[in-house]
Structures are given as structure tokens and as C-alpha cells.
1. I'm trying to understand the selection: among the residues of segment 135-154, which are farther than 19 Å from Phe88 by Cα, surrounded by fewer than 17 Cβ atoms within 10 Å (Cβ to Cβ) and touching a residue at least 24 places away in the same chain (Cβ under 8 Å)?
2. State the number of residues belonging to segment 224-239 that are within 29 Å of Val197 (Cα to Cα) and surrounded by 10 or more Cβ atoms within 10 Å (Cβ to Cβ).
3. Going by the conditions given, is Val98 modelled with pLDDT of 80 or more, over 30 Å from Asp127 (Cβ atoms), surrounded by 14 or more Cβ atoms within 10 Å (Cβ to Cβ) and not polar (S, T, N, Q)?
4. When Ser175 is evaluated against the numbered criteria (1) modelled with pLDDT of 90 or more; (2) surrounded by fewer than 17 Cβ atoms within 10 Å (Cβ to Cβ); (3) of a type in the set (S, T, N, Q), which criterion, by number, is the only one it fails?
5. Just one of Val63, Val90 is surrounded by fewer than 15 Cβ atoms within 10 Å (Cβ to Cβ), hydrophobic (A, V, I, L, M, F, W, C) and either in contact with a Gly (Cβ under 7 Å, 6 or more places away or on another chain) or not assigned by TED's automatic domain parsing to the domain that holds Asn198 (or both); which is it?
6. Here are Asn157, Asn164, Asn198: which of them is polar (S, T, N, Q), assigned by TED's automatic domain parsing to the domain that holds Ser66, surrounded by 14 or more Cβ atoms within 10 Å (Cβ to Cβ) and under 24 Å from Thr50 (Cα atoms)?
7. Got a sec? Which strands (runs of 3 or more DSSP E) wholly within segment 179-237 have at least 1 residues that are at negative phi, at pLDDT below 90 and acidic (Asp, Glu)?
8. Taking into account only those residues within segment 54-72 that are touching an Asp or Glu at 6+ places or on another chain (Cβ under 9 Å) and over 26 Å from Glu111 (Cα atoms), which is modelled with the lowest pLDDT?
Amino acid sequence: MNKIDIRIALGVLFSTIMLGIAPLQAQASVSKSDSTELQTMPSRGLKQHTFVPKGQWIVGGTVSYSQQSENNYQFLIIEGINGEGYSFKVSPMFSYMVADNMGIGGRFSYERSLMKINSADINLSEDMNFAIGDIYNLSHSYSGMAVLRNYISIGNNMRFGLFNETQLQIGGGQSKLVSGSGESITGSYESNFSVGVNLAPGITAFINNFIAVELNVGLLGFKYTSTQQITDQIYEGNTASTSASFQINIFSIGLGLAFYI
């Protein structure tokens, strides 16, 4: 083989080697670029701090009370409403923190309400007017709940925090409705049983290291209720209903104290 053939063979071999190395260099360059991009990705800055530590016991409860009195009050088509009523609710609870910011426990709830309408006029049109009165409605309900409570810290602040309660509820209640007076009086008695799942978010503010003020409100819930009714001790009826809600209920706002021990 002469010198020219040797030079040509060496040139072909060199070109083949360079063509094989080029893709490897390009792949290494891409991998290095991806690694650099991953390393320089900015942090979102989301951090969860321990607001209530593991092993903490929580004992407390919420109380709500409202009272109303109407004197010649008007609401839509109902005029001249005269009556009074109240609503009272108490709910003690306990919880044990099985992990940081997460606890399990129980809650008991009792609610009682009264509504009395002495007189009212329903005006549908100029020719259709109805007068109602002497209506008395008294009800009370009770329930037991298994509770899962989660806390969320607000930045580095250890005084204010958010929480949410997931509640598995079983309860019941009774109520009676009486209308009319004298010989025209009539009444119904009801008893009910219910099961449901509720979400109750809220905010807590620590007064000191052991006492906190809590404010919660019902937001999301699913409930099944079975009701039995007896009217005038003669007629009987049964109903079953399911309901789901996703709204802020201003009537379920509760203010309470919690003791962390």
C-alpha cells in the first residue's frame, strides 16, 4: 500500500471516530443543560411549620346563642309578624395530636331552639290574604362526632393559625309544632335520626401558650335524615331525606375556647 492510500484510510477512520463522538458530546451537553435548569429552578417558598406539636391534648368547646323578637315585622309577602324565639348550641370537644398539626378526637353537640309566632298576615295579592297565628315550635337535637383536626400555620406566626375539622356525625332529635288555640288547636310531634359528614374550617388565636380562642363555621356537609311524625296522636308518617351543602352558614358560627395541655 502506498503513502496516498494510507493517508486516505487514516482520514476515513478519523472522520468515523469524530462522527461517533459528536452525538455523545451533544447528549452530554443536553443532559448538563437539563441538570443546570433543574438546579436553578426557583423555590415556591411554601413551608409548613409545626403549629401544634405531636403529643398535645386539646380540651375545649364552642357555644353559640341567638335571640330574636319581632314586632310588626315585614318579610317579603308576610306582614305584621309578631313573635319571638331563640337558638342555643353547645359543643364540647377533646382531641389528641397523633402527629404534628394533626389530631383525632371526639365532639358532642346539643342544640335547642324555640320559635313563637303570635300573629302574621300573608298577602299574595289584593284578593288573597291569609292570617296565621298561635304557632309554637320547640325542638332540640343532639349528636356525637368522631373528629379529625388539621392545623395550618400562617407563616412563622405561632399565635394565629387555621384549622379544619372533618366530622363523622351520628345524632337524633325531637320537635313539636303546635298551632291554633282553644278547640281548634292541632299539633305534631317528630323524632329523627341522622348521619352525616361535615367539614368545619376555622381560625384559632392563642391568648397564651395554653389557651386559645377559636372561631369556626360549617362549610361543606352531607347528611341523611330519617323522620317519624305523629299528628294529633292519630296520623303517622315517615320521611327520609338526604342533603348536601357547600356554603358558609352564618347561623352555625361558633365561638369557643380550647385548652392545650
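The values are calculated or read from the model by the stated rules, or taken from the named source; none is laboratory data. None of the values given here were measured: they were computed from a predicted structure. Positions of Cβ are generated from backbone atoms using ideal geometry, with glycine treated the same way; all protein chains shown enter the neighbour counts.
1. First, pick out the residues of segment 135-154 that are farther than 19 Å from Phe88 by Cα: 135, 146-154.
In the following step, the residues that additionally are surrounded by fewer than 17 Cβ atoms within 10 Å (Cβ to Cβ) were identified as 135, 146, 148, 150, 152, 154.
Once the filter is applied, which keeps residues that are farther than 19 Å from Phe88 by Cα, surrounded by fewer than 17 Cβ atoms within 10 Å (Cβ to Cβ) and touching a residue at least 24 places away in the same chain (Cβ under 8 Å), segment 135-154 yields Ile135, Ala146, Leu148, Asn150, Ile152.
2. Selection size over segment 224-239: 9.
3. Details: modelled with pLDDT of 80 or more: yes; over 30 Å from Asp127 (Cβ atoms): yes; surrounded by 14 or more Cβ atoms within 10 Å (Cβ to Cβ): no; not polar (S, T, N, Q): yes.
No: the conditions fail for Val98.
4. Result: Ser175 fails condition (2) only.
5. Values: Val90 fails: surrounded by fewer than 15 Cβ atoms within 10 Å (Cβ to Cβ).
From the options Val63, Val90, the qualifying one is Val63.
6. On the way: Asn157 fails: surrounded by 14 or more Cβ atoms within 10 Å (Cβ to Cβ); Asn198 fails: under 24 Å from Thr50 (Cα atoms).
Exactly one of Asn157, Asn164, Asn198 is polar (S, T, N, Q), assigned by TED's automatic domain parsing to the domain that holds Ser66, surrounded by 14 or more Cβ atoms within 10 Å (Cβ to Cβ) and under 24 Å from Thr50 (Cα atoms), namely Asn164.
7. Working: elements: 186-206, 211-216, 220-231.
Output list reads 211-216.
8. Per the stated criteria, the residue is Asn72.
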